[in-house]
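Read the structure below first, then the notes.
Just so you know, all these numbers are worked out from the coordinates, no wet-lab data involved. Since the model is a prediction, treat every value here as computed from it, not as a measurement. Cβ sites come from the backbone with ideal geometry, for glycine too, and all protein chains shown count toward neighbours.
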């Protein structure tokens, strides 16, 4: 073992992998642009803007828009308190992070031309890439 | 054979990464790729293997005539 790294943040560095992760958890329809406005469930415009937006009609009946604002560190999610509690039974961000992590593993595997072995034990997903 | 072991906690989405069997700076290339996709890690620890350097020993063959 030569190096050990831990990534706990809810920031998504890579746009392409973020879009793939959103598709994996069932949100394939996104709007992309620069400083797009976000709207609440009643159609009210919210103060935040984002570069990637899931419009509320594709999220849920009572949901607000979900956005991802581009920052120097990556894409930061903008999710209302209501949607944090209700979207995917309150697991939206957790499931997105998990899906993004899996996309990262596949990207690393591709780049090193390796093979992957995936194992699931309870809540832990272990993927070994050999090359 | 070099290997990268990824551990994803699906309860939190947290990802941990172990780079195994990659001695020295070659390890940094993979770490750099991971950081490119994941951002800066909250924790980063190098182990003894990281500091190993490849040693090249000259081989001398003697011929008997």
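In whole Å, what is the distance between the alpha-carbon centres of the stretch B:1-40 and the stretch A:67-119?
If you average the Cα positions of each part, the centres end up 16 Å apart.
If I model a spin label as a point 7 Å beyond the Cα along the Cα-Cβ vector, how far apart are those points for residue A:81 and residue A:42 in nm?
Label-label distance for residue A:81 and residue A:42, simple model: 1.6 nm.
Let me check the size of chain A from its C-alpha atoms; what are the radius of gyration and Dmax in Å?
When restricted to Cα atoms, chain A yields Rg and Dmax of 16.3, 53 Å.
Say each of residue B:36 and residue A:88 gets a label point 7 Å from the Cα, pointing the same way as Cα to Cβ; how far apart are those two points in nm?
2.6 nm
Between residue A:121 and residue B:12, what is the label-point separation in nm under the 7 Å Cα-to-beta-carbon projection?
Here the modelled spin labels are 1.8 nm apart.
Suppose the chain between residue A:57 and residue A:131 were pulled fully straight at 0.36 nm per residue; how much longer would it get relative to their current alpha carbon spacing?
Stretched out fully, the residue A:57 to residue A:131 stretch lengthens by 22.3 nm.
Suppose only helical runs count, i.e. DSSP H with n ≥ 4. What mean residue ellipticity at 222 nm does that imply for chain A under -39500 (n - 2.57) per run, divided by all residues and rounded to the nearest 500 deg cm²/dmol?
-9000 deg cm²/dmol
If R0 is 25 Å, what FRET efficiency do you get for residue A:106 and residue B:45 from their C-beta distance, rounded to 0.05?
0.50
Output the relative contact order of the stretch A:15-97, whole-number percent, from Cα pairs under 8 angstrom with separation of 6+ residues.
21 percent
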